[in-house]
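Visitor: Could you have a look at this structure, given as structure tokens, before my questions?
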Amino acid sequence: MLKKYLKKNTRKILVVDDEPAICNMLKKFLTKKGYKADIALSGEEAVKKVKKDKPHVVLLDIKMPGMDGVEVLKKIKEIDKKIPIVIMVTAVADDELGRICLEMGAVDYITKPLGLDYLENVLIIKLLDIVE
């Protein structure tokens with residue numbers, strides 16, 4: 001069971017950020033690592049994709065125009081509490097905001113610029129956490 005669960009090519013990851021360059025870079029990186037990656041450039045688009053595609057992991061930018069990441073997190077948890085891994089991503093470290101996101105159901109809070117090796121390690125650890 002564990003091997004099947006950890007097969008990367010069965011893990012769907014949704015990258016949500018209003019900066020297309022970041023989304024495209026992360027999608028390319030994650031796809032190269034064997035994950036099924038998709039992008040959303042707004043909170044509204046992210047909510048639609050979560051409803052339709054049921055990703056296993058959502059990498060969610062906090063600061064976005066329109067629906068921000070905190071509001072998206074709330075909607076994701078209303079749509080499907082089974083989406084166990086929502087990792088909040090932000091360019092501005094704010095411990096209070098991070099605490100709020102964790103209380104709302106995010107499993108981690110990381111700051112930009114993202115170290116890609118670090119991101120991959122976080123994904124592996126978080127995927128293992130939900131198996132155990």
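Just so it is clear, none of the values below were taken in a lab; they were calculated from the coordinates. For clarity, every value in this text was computed on a predicted model and none was experimentally measured. Every residue, glycine as well, gets a Cβ built from its backbone with ideal geometry; the counts of neighbours run over all protein chains shown.
Visitor: Please label the shape of the chain as rounded, prolate or oblate, based on the square roots a ≥ b ≥ c of the eigenvalues of the alpha-carbon gyration tensor (a/c under 1.5 means rounded; beyond that, a/b larger than b/c means prolate, else oblate).
Guide: rounded
Visitor: Also, quick follow-up: Can you pull the one-decimal nm distance between simple spin-label points at residue 92 and residue 52, each 7 Å off the Cα toward Cβ?
Guide: 3.2 nm
Visitor: Kirkwood Rh over alpha-carbon pairs of region 58-132, then Stokes-Einstein at 10 °C and 1.306 mPa s: what D in µm² s⁻¹, rounded to an integer?
Guide: Estimated via Stokes-Einstein, D reaches 125 µm²/s.
Visitor: By how many degrees, between 0 and 90 and to the nearest 10, does the Cα long axis of helix 20-32 differ from the longest principal axis of the chain?
Guide: Taking the Cα atoms of the chain, the angle to 20-32 is about 10 degrees.
Visitor: How far apart, in nanometres, would the label points at residue 32 and residue 99 be if each is projected 7 angstrom from Cα along the Cα-to-Cβ direction?
Guide: Going by the 7 Å Cα→Cβ label model, 3.8 nm.
Visitor: Report the one residue of 111, 98, 76 whose Cα lies farthest in the direction of the positive end of the charge dipole of the chain (charges on C-beta: Lys and Arg +1, Asp and Glu -1; origin at the Cα centre).
Guide: Checked the options; the winner is 76.
Visitor: Explain nothing, just the number: dipole magnitude of the chain about its Cα centre with +1 on each Lys and Arg Cβ and -1 on each Asp and Glu Cβ, in debye rounded to the nearest 20.
Guide: 1020 debye
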